[in-house]
Structure formats: structure tokens, C-alpha cells
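Here is the structure we will look at, set down as C-alpha cells.
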Amino acid sequence: MLVSFKNHINTKFPFLKDTRLVIAISGGIDSVVLAHLCHKLNFNFALAHCNFNLRGNESDADETFVLDLGEQLDVEVFVQNFDTEVYAEENKCSIQMAARELRYDWFSELAQQLNFDYIITAHHADDNLETFLINFTRGTGLNGLTGIPELNGNIARPLLSFSRETIEAYAKSENIDWREDSSNSSRKYLRNKLRHDVIPILKEINPNVLHSLQNTLSNLKETEAIVNQSIKDFLSKAILKKEGNTITYAVSEFKKQNNSKAFLFEAFKDCGFTEWNDVEGLLDAETGKYIASGTHKLTKHREFLILTYCHSELVSESISLNQPIKISAVEVQKSQVKTPLGVLFFDEAEALRDNAKNTIYVDLEMLKYPLEFRLWQTGDVFHPIGMKGKKKVSKYLKDEKLTPREKDNTWVLTSEDKIVWVVGRRADDRFKVAGRTNQILKIELK
């Protein structure tokens, strides 16, 4: 592998040889092998390790291992400790997203302050396949299917053409030690499910699936270049004005296209919108109709679409207090949805725990999408968990002795018009976790 890696550097990354590098290292096999390879090639590098404090003693042991590796390779080691759970809570995001944001923000800061030219990560070919499948299963545009970039700004990934199998074989042949992250064996996260359950089947069907993926990604990137030029030409006509945080588009330019939804997606794909039928519906909507995401608001005004970037709290204020919120399967997989009551967090759980005021556990396979988050209505009926039979929501709220104001601000989460949860109060028995349950979904309001 060393010879192949050296040739790959000479062909694709010759600029790394005479620069200052910082290697993002977890202590796992991929990043440790990358460090050893760079050491063999006499690169000028340091190691940067994030301790996310999520696995107790195991996290501390990873840190110690990396420090020892730095001594072994005679390179400088930088370590940063994070309170990841607090960050996730404060920023209303998942643990995985919190760790990603903390990691890359620190790497960028480190490179800037200490004049490192490039940040090197150990993503490899199997990571690329996993990312491709994750984006594919969640739904994405063309750009989400073109894989992890080998070079993105000052972030380089020189192992992307090497498989996990090749990396493991090299580590064993060189007697290289590494740390195993126990969380990698859990099926709780989608990436791990794909890694342990799906990809082995794909490799059984096609042993050269990684090579096939490289060919596919190459073809898609060429197609993406053509699409990007087409979109660039289109937007030069569709965008009428840019002023501050607002961009004005001509509705007529979208309507001229045979597939207006595709052009709407390309124009607004980075704005956080998920219900593209609703976006397309704005083209023929009355003045004043709008949709909002966590960061943007798109409003129909006469013959224009007006896109406004807003701070999250301003977007929240723009959401009507009585407007139902549709929640797609993609949004559930992304783990969080903003509502007038707070943020709904969705996370697959490995075990059932007791329902609490703001947390319930349901049978994931019982849900039908889109879910709907709305105020309760006269005539609503549900099956209170732990009770036999059904009950009117109005009777339940009366029995709970809620004040008129509390009743007016009671919301329900529904699936095909069946109540899943009287939010913050009682789950529905029809969606409870039972012996037949294969996947448990934790729903939490924060």
C-alpha cells in the first residue's frame, strides 16, 4: 500500500509534499494508518485529536493513545476537549451534527492560527460508498450523489481511492496498533447499519462495487458540471435583484422550464426547504403565500418569488401559530424539526424506556408519512397509552384540568390522521412499542 499511496500522492496530491499539514486523528485504524504513511513519506505534519467526551473512559483512552502515537512518530499533537452534549443542546442539533461542527470549526481555527496549509482526513473508499447510500436513501439532488470531494478548500482526503480492506491489511502487515470505537458496532446510526448490514451484501453481489462506484461518481461529476452551467445560465435570467438578505426571482423564468420543480430545487436546495411540491405550488399561489425553513423564507409576491435569509428566531416568529407542519421521512432522518412549541428531535433507540412528559417511544414501522404536527381539533379521538379503548381529546384535556389557554395551545402529532402523541402529555396506544417491534423511534420535544 505504501508504494500505491506514494504514487497516488505524486499523481493527485503533489502539493502536500512541501507544505505544513495537520492530520485529523481519532485513534481509529484509518487515521492511524494515514499518520504512519505520511511519516514514511517524511511529510511535515502534526496530529489533531478531538475528545468529544461521549464515551467516558474510552474517550480518554483514545486521547492517551494519540499522545503516545505522537511520541512514537516524533510529531506534535494537539488535543481539544469538547462538551458535545451541551453544545448539541444549546444549538438544538443531533450529537453527530454537533461533533462534526465542533471538529471542523476547531481544525479550521487550528490551521489558521498555526499556519497549517492543509487539513488531512482519513476518509476512504468505503466511507464514500456509505455517504453515497446515506444521501440516496434520504433523498438528494445530483450534487448529493457525487461523493466526498478529494479536495475541498484546504481539506484533503488522500485515502479516498483506498478501501477499508486495503487499509486493514496494511495495518496488520506493519503491526500497527489502533483503537476500536465501540460505537461503530452499534446499529443505532444509519451509517453503521449500512456498513454492517447493507454494504457486505453489495460486495457479495459485486466484489468490485467500490471500483464501480468510482466510475459512477466520475460520470455523475461530469454530468453535474453540465447541469451547473445550465443552472448558472438560468439564474442569470431568473434573478432580478439582490439586496441585503433578499433575492428576487422572476416567476415567469421558472414557468418557462419543462420541469420547473428541478430548477426550483437547484435554485433553493441550500435553503433548508424539504417539501418541494409546496415550493412549486408558490409559482401559482396568491400574493403573500410563503414557506419557511430554519434559515430562509420564500414568499410569493405578484409575479415574483422573494427569498429572504433570516436568523432562526426570526423564522420562528414568521411561522403562524396555528399552521400545521408536515414532517416528511427525510426530516425524521435528519433528526430535528422546528415547531411553535420547540424542536422535535427524532432518534432511533436501541431499547425502550418509559415515556415521559416530553419524550415518547414508538414503533417506527407503524408511522406513515408525512406526519403532521398541528393544534388539536374538535372531534379528535385517540387511544391513551395504558388504557383500553378510545377517548376524545377534548374530554382528555378537560379531565386533565387544563386552563382554557393550555387547551388552546395543545398540539398533536399525527400519522394518516391518527394521533401518535398529544404532545407533551400522552402517547397513543396504537403506536406503542410491542413484541413485534423491529425499530424503536424516540421522539423528544425540547
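The values are calculated or read from the model by the stated rules, or taken from the named source; none is laboratory data. Keep in mind that what you see is a predicted model, and the values were worked out from it rather than measured. Backbone-built Cβ (ideal geometry, glycine too); neighbour counts: all protein chains shown. Please note that ligands, DNA and RNA were not included when accessible areas were found on the heavy atoms of the full protein model with its side chains. Shrake-Rupley method; radii C 1.70, N 1.55, O 1.52, S 1.80 Å.
Translational diffusion coefficient of the chain at 4 °C, 1.567 mPa s, Stokes-Einstein with Kirkwood Rh over Cα pairs, in µm²/s as a whole number.
For the chosen part, D equals 52 µm²/s.
Positive end of the dipole of the chain, charges at C-beta (+1 Lys, Arg; -1 Asp, Glu), about the Cα centre: which of Asn53, Thr414, Tyr249 has its Cα farthest in that direction?
Of the options given, the answer is Thr414.
Could you tell me the calculated FRET efficiency between Gln112 and Asn245, based on Cβ-Cβ distance and R0 = 30 angstrom, to the nearest 0.05?
0.65
So if I place +1 on the C-beta of Lys and Arg and -1 on the C-beta of Asp and Glu, and nothing else carries charge, what would the dipole magnitude of the chain be about its Cα centre? I want it in debye, nearest 20.
1980
For every helix of n ≥ 4 consecutive DSSP H residues, a contribution of -39,500 (n - 2.57) applies; sum these over the chain, divide by its total residues, and give [θ] at 222 nm rounded to the nearest 500 deg cm²/dmol.
-11500 deg cm²/dmol
Measure up Lys92/Lys446; Lys338/Lys391; Lys357/Lys442; Lys193/Lys418; Lys17/Lys40; Lys390/Lys432 against 19 Å on the Cα-Cα distance and list the ones that go over.
Lys338/Lys391; Lys193/Lys418
Quick one: check the C-alpha center-to-center distance for region 1-70 versus region 165-218, whole angstrom.
About 19 Å separates the Cα centre of region 1-70 from the one of region 165-218.
Treating only the Cβ atoms of Lys and Arg (+1) and Asp and Glu (-1) as charged, compute the dipole magnitude of region 252-385 about its Cα centre; round to the nearest 20 debye.
It comes to approximately 380 debye.
At 1.4 Å probe radius, can you tell me the per residue accessible area of region 1-155 in Å²?
Computed with neighbouring chains in place, this is 47 Å² per residue.
Would you calculate the separation in nanometres between label points at Lys17 and Asn259, each defined as 7 Å from the Cα along the Cα-to-beta-carbon direction?
4.4
Amide H neighbours of Glu348 under 5 Å, counting only residues 5+ apart in sequence or on other chains, H built in-plane at 1.01 Å?
Distant-sequence amide H within range of Glu348: Lys442.
May I ask you to give the percent of accessible area on the chain that is carbon plus sulfur, with a probe radius of 1.4 Å?
Carbon-and-sulfur percentage of accessible area, whole number: 47.
In Å², and per residue, what accessible area does region 204-341 have when probed at 1.4 Å with the other protein chains present?
59
Mind ordering 381-389, 324-332 by average Cβ neighbours within 10 Å, highest first?
324-332, 381-389
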